[in-house]
Every structure is written in structure tokens, then in C-alpha cells.
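Here the structure is laid out as C-alpha cells; the discussion comes afterwards.
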DNA sequence: TCCAAACGTTGCTCTGAAACAAACTCCCGG
DNA sequence: CCGGGAGTTTGTTTCAGAGCAACGTTTGGA
């Protein structure tokens, strides 16, 4: 394990109030690991023995049913803590996380959680804030799933990904990690067929451009209209 | 405001480790209030200036869309903390809570939150545990909503209510608070018509008995089969 | 270089459940 | 005791979107 550089953590909310020496100490206790696209970082139901910080890449957090269906609950982007089951007194992970792109994450054993929250000002606060945002976001997804038609859900899902990971390219805003039609259907509770049709239609209308695993939103505003419009 | 009795809090998880004198102190700072069926305790988006403990009754936690649809995210039963936005660094409530039956709740101003977590052992722990359970539960609901057919969702919703509030009656297990067909459709993202048909069919099959706002599950096992069965 | 697997597209059919419509029943308040 | 509103039931119609099928395209590895 190569020695980690302090600059990795400086500026990230959970550690923003800390002195360089404290960051050094935190880093010295961390394990860093790279994950190939498609690899699981941890799985639903397994012992929650570590908590993580994503440094680079993107993750999908998924839950599956006994029947084999699965849905993508949310995405994690760089700088976020994840797998923070210990914060909620859980001893197993409630969901599975998979690298959506090649990713790099730090992790610490759970026993350090209480140490971090006790010693480092703002660490607990920031973690719970993150949790609060996720809870709110999931509630919103749930509401949408229960009340909105497929077309709107797919439009919203695209907008969420653009919002979380969008980067400017010449023709619009590109989602920064690979996304298949199947992935989108797993976010919206529909089928890949329906998603494919929608994307084709939107491409014809000049709202998106998509190729294999890659999506560029060329007209975000019209997508907002699609996702918002009552009726 | 009549003086509150210590026995109200004794035995409830957030306060279970406390001495009588500490409970007295907590109670002296509480406001107690009764809510008629259908009354809102707080509303989505409003300033989160208090946090609450439900002593008696049941609450529905709902979220609404701009388009006027609404869904029931979860129910709160006696003994649970709710409206604990301050724990998550939120300054507004993320959802609305409505008394599903006549209810009684204590509340405290948010500024006491940090005091409680600092002074009373186990208070923070218990609160975050509750939050963790809710997060897990909502994720499960979301998964179900995205993958399961209406019939299964309605069966699961009934089972969840039975599990949370069921009380034995001579013909089976009764859901302890008033539930309309509309309420169930708001939990499952369908229409009251569909729910009505399902309940009629299940009544014919001897699985449930229902009258206006009242539901008794007479054959929980068959309901489990309906909610579980793959395909 | 070629093959196979992964990913994407498109047409067609069929059905679950929403939408629309109309009574019916219970309960509460005047 | 009566009237009206809230909640429920049931029938009929309609259609979005799932399911099925078949084919096209890209990509990476042998």
C-alpha cells in the first residue's frame, strides 16, 4: 500500500475542519483500494465491518428482491462517505454497492467510527447530514415511483444523474459514468425496452444523444419539462 | 398544561437508561398535545423547530407531489420519536405527519436536541437506530414499488400495518387505526378502486374482513403467500 | 482477424390496472 | 328523523407499457 497523500481528504466536508496532522492520522489508518467497473464493494446483508469514502469514480447502490429483480436506489459520487451502517447501529449493510465506473475508495474498520465522531469536530454532523439528504432523496424517488408515469420517471432519473455527475461536452452535458438502458430501467422500475424507445424518441427530438453506455443531454430544459409537467 | 407523569417515558428505548430525576427533567421541558384524527402535527417544508415523541395513537407520514398526488411513506406508532429533522441537520421537515387516529404526543424545541444527545446516554444511539430502520424500510418499499405488481404491494402494505399495529380480535388480527381504501392506495401507488376490488376478493376468499375504515386480517398466512410469491 | 457476448433497437400482441361512471351505505350533525 | 357527505362497491372502457421475438451493432478477447 503506497503512502496516501493528505490532499486526498483536504476540502472534503467530513474532514474540512481538521488540522493536517489529524488528516495524516486518519489516512494512516485507512485502506485504499481500486475497484474495476462492475465490482462489488460490499453486499447487502453482509457484516458491516468497514465504512468507506469514495475518492474517485461512481457507485451504484442497489437492492434486490428474492425474485431476482433489482433496483438502483442511488448513486455515490466522489467525496461521499458510504457504507456508513455503523452510524445507524446496523451490523449488516442494507444494500449492495457496485462500481459503476472504475473507482477508488478508502475504508476504515467500524471500530474507528466512534473514535472519529468523538475526536473530529464536524465528522458526525457531516455524516448525519449526508444521511438526511439520502433519506430525503429516497423519499422523493419513492413518491415519484408511486405517482408518476414511466416517461417522467425516466426523465427525472436522467436529470438526477446529470445533476450529480454531469460534465460539459461540446454538444451538451454528459453523464460521467457508463449507463446502460438496463441500468436506467433499474432506476425507474420499467423495462430496458421502454427506456430504449424513450431515448430513441428523445434523440429524434434533439433532447439527448446516446450511444452504448454513454448519454449526453443536449437539451436539459426540455427534459425538465418532461419530468415536471402535470398530466 | 397538567403535570406529566414519569411513567409515560419509563421503558421507552430513548430514555430507558435514565434515572427518574432525569426523566422528570426531560418531562418538565416537554409540551404535550392531543391531535384529532386527520390533524397535521407538522407539514413538509415548514421550519423544523420542534421534535416529537408519540405517546398514543398512530401517525401517517406523507409526501405530496406538486401535481397534488400524495403517498404515505410510513406510519409512526406509540413510543417512537418523530420529526427528528434536527438529528439530520435539516431546518425544515421533509414530510408531513397526520394523526391517523386520535393521538397524543410530546414535543421539545430543537435546541434541546443537542442537550439530550450530550447528557443522556443512549438517546443519540436510539435515535439513529430508529433512523436506520426507517431508511431500510423505505428502501424496501421503494424496491417493492419498482418491481412488484399491485396485488403484492397491497398485500405487503396490509402485512406491514398488521405487523406494526395489529391487535388480536376474535376473528383475526385487526389494524389498530382507521384505514380507508384511499389510504391503502396512497401507500401502494394505485387507486382506491383497485384496492376495493382486491379487498372484496380477499374477503370472499376468507383472507380479510373489512368494513368502513376497519380491516381485520383473518388469514395472515395466505396474505404472506400473496405478497411473497414469485410470479 | 474473427467470434461471441453484451448492448441496443424495433415491431407486435396482450393484459393489468387506470379512468370513467354510477350507485349504494354508513355515519354524523342539525 | 332526515339530509348530506364521506367512504365503498361494481361495471365498463381504454390504453400504457410489459412481454415476446427477432435482429442489428459494438467491443474486447482468443
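The values are calculated or read from the model by the stated rules, or taken from the named source; none is laboratory data. The shown structure was predicted, so the numbers you read here are calculated from the model rather than taken from an experiment. Methodologically, a virtual Cβ is constructed for each residue, glycine included, from the backbone with ideal geometry; neighbour enumeration extends over all protein chains shown.
Couple of notes before you dig in:
- Given (1) in contact with a helix residue (DSSP H, G or I) (Cβ under 8 Å, 6 or more places away or on another chain); (2) in a helix (DSSP H, G or I); (3) away from DNA strand D (no atom under 12 Å from the Cβ); (4) outside the structural domain of residue A:83 (by TED's automatic domain parsing), index of the condition residue A:152 fails: (3)
The rows are residues; the columns are (1) closer than 26 Å to residue A:74 by Cα; (2) crowded, with 19+ Cβ neighbours inside 10 Å.
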| residue | (1), (2) |
| --- | --- |
| B:93 | yes, yes |
| B:106 | no, yes |
| B:125 | yes, no |
| B:129 | yes, no |
| B:144 | yes, yes |
| B:153 | yes, yes |
| B:170 | no, no |
| B:181 | no, yes |
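- Of all residues making up the range A:179-195, the number that are part of a loop (DSSP other than H, G, I, E, B) and within 10 Å of DNA strand D (Cβ to nearest atom): 3
- The single residue among B:62, B:72, B:76, B:84 that is out of contact with any helix residue (DSSP H, G or I) (no Cβ under 8 Å at 6 or more places or on another chain) and within 22 Å of residue B:141 (Cβ to Cβ) turns out to be B:76.
- For the range B:169-178, a residue qualifies if it is away from DNA strand D (no atom under 13 Å from the Cβ), assigned to a loop (DSSP other than H, G, I, E, B) and within 11 Å of residue B:214 (Cα to Cα), and exactly one does: B:176.
- Taking the numbered list (1) touching a residue at least 24 places away in the same chain (Cβ under 8 Å); (2) within 16 Å of the chain's Cα centre (by Cα) in turn, residue A:132 passes all entries but (1).
- So residue A:143, is it part of a helix (DSSP H, G or I), touching a strand residue (DSSP E or B) at 6+ places or on another chain (Cβ under 8 Å) and away from DNA strand C (no atom under 12 Å from the Cβ): yes
- Residue B:216 vs. criteria in contact (Cβ under 8 Å) with a residue 12 or more places away in the chain, more than 14 Å from chain A (Cβ to nearest Cβ), under 29 Å from residue B:97 (Cα atoms) and within 11 Å of DNA strand D (Cβ to nearest atom): no
- Odd one out for residue A:114, checked against (1) surrounded by fewer than 21 Cβ atoms within 10 Å (Cβ to Cβ); (2) touching a strand residue (DSSP E or B) at 6+ places or on another chain (Cβ under 7 Å): (2)
- Among (1) in contact with a strand residue (DSSP E or B) (Cβ under 7 Å, 6 or more places away or on another chain); (2) more than 14 Å from chain A (Cβ to nearest Cβ); (3) within 10 Å of DNA strand D (Cβ to nearest atom) - the single one residue B:198 does not satisfy: (1)
- The residues of the range A:106-130 that are under 19 Å from residue B:139 (Cβ atoms) and touching a helix residue (DSSP H, G or I) at 6+ places or on another chain (Cβ under 6 Å), listed by number, are A:127, A:128.
- If you go through the range A:183-193 and keep only what is near DNA strand C (Cβ under 8 Å from one of its atoms) and surrounded by 13 or more Cβ atoms within 10 Å (Cβ to Cβ), you end up with A:183, A:192.
- With respect to being under 30 Å from residue A:48 (Cβ atoms) and touching a strand residue (DSSP E or B) at 6+ places or on another chain (Cβ under 8 Å), residue B:120 falls outside the description.
- Any hit, the range A:208-222, residues being surrounded by 13 or more Cβ atoms within 10 Å (Cβ to Cβ) and assigned to a helix (DSSP H, G or I): yes
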